[in-house]
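Notes to accompany the following structure.
The values are calculated or read from the model by the stated rules, or taken from the named source; none is laboratory data. Nothing here was measured: the structure is a model prediction, and the numbers come from that model. All Cβ positions, even for glycine, are placed from backbone atoms using ideal geometry, and neighbour counts span all protein chains on display. Just so you know, the surface numbers come from the protein's heavy atoms only, side chains and all, with ligands and any DNA or RNA stripped out. Shrake-Rupley method; radii C 1.70, N 1.55, O 1.52, S 1.80 Å.
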Number of protein chains: 2
Amino acid sequence: MLSRKELFKDTLKKAAHAWKRIVELRLTEEEANLLRLYVDQPGYVDLHWGMFVPAIKGQGTEEQQKKWLPMAYKFQIIGCYAQTELGHGSNVQGLETTATFDPSTDEFVMHSPTLTSSKWWPGGLGKASTHAVVYARLITEGKDYGIHGFIVQLRSLDDHSPLPGITLGDIGGKFGSGAYNSMDNGVLRFDHVRIPRDQMLMRLSQVTREGKYVHSDVPKQLLYGTMVYVRQTIVADASKALSRAVCIAVRYSAIRKQFGSQAGGPETQVLNYKTQQSRLFPLLASAYAYRFVGQWLKWLYTDVTQKLEAKDYSTLPEAHACTAGLKSVTTSATADAIEECRKLCGGHGYLNSSGLPELFAVYVPACTYEGDNVVLLLQVARFLMKTVAQVATGKQPVGTIAYMGNIQHLMQCKSAVNTVRS
Amino acid sequence: MLSRKELFKDTLKKAAHAWKRIVELRLTEEEANLLRLYVDQPGYVDLHWGMFVPAIKGQGTEEQQKKWLPMAYKFQIIGCYAQTELGHGSNVQGLETTATFDPSTDEFVMHSPTLTSSKWWPGGLGKASTHAVVYARLITEGKDYGIHGFIVQLRSLDDHSPLPGITLGDIGGKFGSGAYNSMDNGVLRFDHVRIPRDQMLMRLSQVTREGKYVHSDVPKQLLYGTMVYVRQTIVADASKALSRAVCIAVRYSAIRKQFGSQAGGPETQVLNYKTQQSRLFPLLASAYAYRFVGQWLKWLYTDVTQKLEAKDYSTLPEAHACTAGLKSVTTSATADAIEECRKLCGGHGYLNSSGLPELFAVYVPACTYEGDNVVLLLQVARFLMKTVAQVATGKQPVGTIAYMGNIQHLMQCKSAVNTVRS
């Protein structure tokens, strides 16, 4: 078991090595992502590549992309994604950090007005990042325009020390002895930190030199497409994590023998016990099922993206509900299943050498991040209720809920069963 | 997060300090146990006081107790409890370590004939213990008499190095960054290690100087009484662990606010959400319920013990089934509940500073140790089936299953409900 410091240094070394190989071998973006996946240890680079770069790509203007992305690609700057605050997780609209436009200097003033407004959790923030995409309430001409993204430099590119007005730190130990302890999840506070106006991500809306807030003609729905994408990858990852756990538990159950010996004969493989089978095999089946679900969601994402580009937003709510619901169901079931696999390995599952304790500790945050599972299920329920209400007004539901269009017919269906006995 | 070595040294320091205070303050055994409880960190002393000493007390002759207990009380020797083997957990009858009597030297030869016969898991074995109570198959006059306990010296009292023929080690990192990583769970192999005959625990059965195997008149059932005691304490501990977790989650839910703000007003306490209440309050109720269950089991243990001493074994099977079943139900539910409390604290529950990750990692082995929960429930089911069969032969069931005596009456009871609607 490494100490926290050793663990973090180990991650830095692995990330640097992977980066070197990616450059040397001139890997494509897709190949580079695969190599990073195989490093198989959470690290600050996950956020740099997985959220900082995509945020600029998705929400930055062409000009902004041209300025920031080359530096990010060459690792001249290291970015993280600072959205969640100490007091605000799921409720993004409740974030308190402010970005107030000052027309006298053409700058935004980033500020943390309360303790609960401290950015809390961003991976890569505690030690590594030089920059962050920070989400804050945009205030101009005395009016609050809600949450927008801003590129903010956090640390000096010379000596890596925090810039004036910026308080930074690591938020401390997390579940597991490895898991997310290799990640420098951090805390960040702003004391009236000034950034140039053009560091607001301006693809969807802008603030003019005069301080006017204007919308671009890029549809806001494109943002939801990204959310669908991220959640789709989480579902695919659930299958990977569950496959690993089930593989370990099945192999253990095939080797491990216990009880059932007749007069000193060999004991019975635990795989042959019905109690073991009834717990293990449904998890094995789920690992396959989630793989197919992940593939289907990938198709759904492609389909929605193509429709969005053609300005057809009709399938977006259903795609959003599908990804939200399936993200919730698959991650909760996978976290429980890894823990069940661990218990199915008896005492041995408690040893780190079984691979299962860290698999659980590193996986289980998926139930909370990118939408708390309970909150997501409530969103699905709301979507279903809304759809039922709309059916009454004649609107035709699409995709997986198209069947609701037959509600009149469905309501008249009767079961042939009419007694308890039958 | 401490490294494994720092963590273990920290435990040694705490155990030594507690020991010093216990001696200085002349604490009673009960007070000393309470002080050790408050150290609140698994350590080798748990096994010394909780299993090594009780095993000698329960299974040693008066002579053996007179010889070994004073040294154990003064910590001149440190003991552990070496039962579980790499290949054998729940199936104690399947243990492979042998203790073969050699009448030519009046010694037992302790041996690990296979890899799977290696002792694996005993706490306190990896680093600290000088002695162990080792469970092995007793072989004398060419016959295997099954599993018996032996006091075996493992390390030199001069320089703490393993004695000849003994291979010892620590089995490595375990679930969590603290949890049982402060414990030196170990591995032990014997290569024909000789111990004097009088180090067999001889209260229930003996091997004579000539190698004859003889039973004493002490009833074997007394051993089951100890098992009832240990499991009763586990149920009481479930209530403690669950109370801690629920206390943290309730206080968090009262402070944490999220969503529900009207036009910038304060957000809603998460405790006021029905989704939070429906998950949290049943756990709060369970924490109280398990406390009462623990107290009832303590009464049951006292009652059984008194009856056993009067050679009345009638209530033992039912007491055994009650403790086995309640151990299984309360520990499984508590482990799940701690994890649920962790998730009820959102992302913050994932930080070690919430107290919940380590509470889970240190608690969850209770589902496996002292009887795997699934195996225990199967034992309860077998007991119930056996009781039903015995009722038919006229034997009256006692205690919690006394109601089965009314089976004729019960079978004739009918529900007033006879339609789906009612």
Next item on the list: With only Lys, Arg, Asp and Glu charged, each at its Cβ (+1 for the first two, -1 for the last two), find how big the charge dipole of chain A is about the Cα centre; round to the nearest 20 debye.
Entry: 1220 debye
Next item on the list: Give, ordered by residue number, each residue of region B:317-351 whose 1.4 Å probe accessible area is reduced by a minimum of 10 Å² on adding the remaining protein chains to the chain alone.
Entry: B:ASP336, B:GLU339, B:ARG342, B:LYS343, B:GLY346, B:GLY347, B:HIS348, B:TYR350, B:LEU351
Next item on the list: Calculate the length of the line joining the C-alpha centroid of region B:222-244 to that of region A:375-409, in whole Å.
Entry: 51 Å
Item checked: Dipole-positive endmost among B:SER243, B:THR268, B:TYR301 within region B:221-397 (Cβ charges, Cα centre) -> B:THR268
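In peptide B:76-89, how many Cβ atoms from other protein chains are near each Cβ within 10 Å, on average?
On the way: counts 0, 0, 0, 0, 0, 0, 0, 0, 2, 0, 2, 5, 5, 5.
Whole-number average of other-chain Cβ neighbours for B:76-89 is 1.
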Check: Could you give the angle, 0 to 90 degrees to the nearest 10, between helix A:29-39's Cα long axis and the longest principal axis of the Cα atoms of chain A?
Finding: 60 degrees
Checklist line | Computed over region B:221-397, Kirkwood Rh from alpha-carbon pairs, angstrom | finding: 18.2 Å
Next item on the list: Post the alpha-carbon centroid distance, region B:50-86 to region A:260-320, in whole angstrom.
Entry: 50 Å
Margin query: Per residue, how large is the accessible surface of chain B? Use a 1.4 angstrom probe and give square angstrom.
Written below: 49 Å²
Notebook entry, point to check: Taking the Cβ of B:GLN93 as the center, what net charge do the other residues with Cβ under 13 Å away carry, scoring Lys and Arg +1 and Asp and Glu -1?
Noted result: -3
Next item on the list: Jot down the radius of gyration and Dmax of the protein assembly as shown, Cα atoms only, both in angstrom.
Entry: 31.8, 106
Check: How are the C-alpha pair distances of chain B spread across 20 Å bins, as whole percents from the shortest bin up?
Finding: 22, 51, 23, 4, 0
Item checked: Area buried, chain B against chain A - accessible surface, total, 1.4 angstrom probe, square angstrom -> 4200 Å²
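Other chains near B:90-97: what is the mean number of their Cβ atoms within 10 Å of each residue's Cβ? It would help to have the intermediate numbers written out before the result.
Details: counts 5, 7, 0, 2, 7, 0, 0, 0.
For this peptide, the per-residue mean of nearby foreign Cβ atoms is 3.
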Check: Using the Cα gyration tensor of region A:238-309, with a ≥ b ≥ c the square roots of its eigenvalues, what is the shape: rounded (a/c below 1.5), prolate (a/b larger than b/c) or oblate (neither)?
Finding: prolate
Next item on the list: Kindly provide the pair-distance distribution of region A:4-215 built from C-alpha pairs, with 5 Å bins from 0 and whole-percent values in order of increasing distance.
Entry: 1, 7, 15, 19, 20, 16, 11, 6, 4, 1, 0
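Sort A:GLU63, B:GLU85 by heavy-atom solvent-accessible area, probe 1.4 angstrom, most to least.
So, going from the largest accessible area down, we get A:GLU63, B:GLU85.
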Next item on the list: At a Cα cut-off below 30 Å, give the lysines reachable from B:LYS414, other chains included and same-chain residues fewer than 8 away excluded.
Entry: B:LYS386, B:LYS395
Note to self: Quick check: the angle from helix B:274-309's long axis to the longest principal axis of chain B, C-alpha only, nearest 10 degrees?
What the structure shows: 30 degrees
Next item on the list: Starting from the Cα gyration tensor of region A:301-422, take the square roots of the eigenvalues, sort them a ≥ b ≥ c, and report rounded, prolate or oblate (rounded when a/c is under 1.5, otherwise prolate if a/b is larger than b/c, else oblate).
Entry: oblate
Next item on the list: Starting from the Cα of B:LYS57, draw a straight line to each of the lysines and keep only those under 17 Å, dropping any in the same chain fewer than 8 residues away.
Entry: B:LYS66, B:LYS67, B:LYS74, B:LYS220
Margin query: Cut-off under 17 Å on the C-alpha distance; same-chain residues fewer than 8 positions from B:LYS127 excluded. Which aspartates and glutamates are left, in chain and number order?
Written below: B:GLU6, B:ASP10, B:ASP46, B:ASP158, B:ASP159, B:ASP170, B:ASP184
Margin query: Can you give the log10 of the normalised intensity I(q)/I(0) at q = 0.11 Å⁻¹, computed with Debye over equal Cα scatterers of region B:158-249?
Written below: -0.70
Item checked: Geometric extent, Cα atoms of region B:97-137 - Rg, Dmax (angstrom) -> 12.1, 34
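Share of Cα-Cα pairs in region A:275-353 beyond 17 Å, in percent? If you can, show how the numbers build up before the last one.
On the way: 1788 of 3081 pairs.
The share of Cα pairs beyond 17 Å in region A:275-353 comes to 58 percent.
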Notebook entry, point to check: So which residues in region B:353-371 end up with at least 30 square angstrom less accessible surface once the other protein chains are there, compared with the chain by itself, probe 1.4 angstrom?
Noted result: B:PHE360, B:VAL364, B:THR368
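If you add up the charges near B:LEU2, with Lys and Arg at +1 and Asp and Glu at -1, over every other residue whose beta carbon is less than 10 angstrom from its beta carbon, what do you get? All intermediate terms of the calculation are to be shown ahead of the outcome.
Working: positive: A:ARG4, B:ARG4, B:LYS5, B:LYS9; negative: B:GLU6, B:ASP10.
Once positives and negatives cancel, what remains is +2.
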Note to self: Are there any residues in region A:156-193 with a reduction of at least 40 Å² in accessible surface when going from the isolated chain to the assembly of protein chains? Probe 1.4 Å, please list them by number.
What the structure shows: A:GLY173, A:PHE175
Item checked: Per-copy distances of the B:GLN379 label point, shortest first, in nm (7 angstrom along Cα→Cβ) -> 4.8
Item checked: Cα centre as origin, Lys/Arg/Asp/Glu Cβ charges: region B:4-147 dipole, Debye -> 680 debye
Margin query: Let me check I've understood the local charge: for B:GLN83, count other residues with C-beta under 11 angstrom from its C-beta, Lys and Arg +1, Asp and Glu -1. What total comes out?
Written below: -1
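Take the solvent-accessible surface of the protein heavy atoms, probe 1.4 Å, and return the percent of it on region A:221-411 that carbon and sulfur atoms account for.
Details: 5910 of 9420 Å².
Result for region A:221-411: 63 percent of the exposed heavy-atom area is carbon or sulfur.
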Notebook entry, point to check: Among B:ILE78, B:PRO162, B:ILE147, whose Cα sits farthest toward the positive end of the charge dipole of region B:4-215 (+1 at Cβ of Lys/Arg, -1 at Cβ of Asp/Glu, about the Cα centre)?
Noted result: B:ILE78
Check: What is the packing order of peptides B:371-383, A:216-228, taking the mean over residues of other C-beta atoms within 10 Å and listing the highest first?
Finding: B:371-383, A:216-228
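Once you order the gyration tensor axes a ≥ b ≥ c over the Cα atoms, which shape class does region A:354-422 get: rounded for a/c under 1.5, otherwise prolate or oblate by comparing a/b with b/c?
Numbers: a/c = 3.81, a/b = 1.70, b/c = 2.24.
Cα axes put region A:354-422 in the oblate bin.
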Margin query: Using only Cα atoms and rounding to the nearest 10 degrees, what angle (0 to 90) does helix A:4-24 make with the longest principal axis of chain A?
Written below: 80 degrees
Checklist line | Residue-averaged 222 nm ellipticity for chain B, from DSSP H runs of 4+ at -39500 (n - 2.57), nearest 500 | finding: -15000 deg cm²/dmol
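Tell me, what is the Rg over Rh of region A:132-208, with Rh the Kirkwood radius over Cα pairs? Intermediate values should be presented prior to the final figure.
Details: Rg = 15.6 Å, Rh = 14.7 Å.
The Rg/Rh ratio comes out at 1.06.
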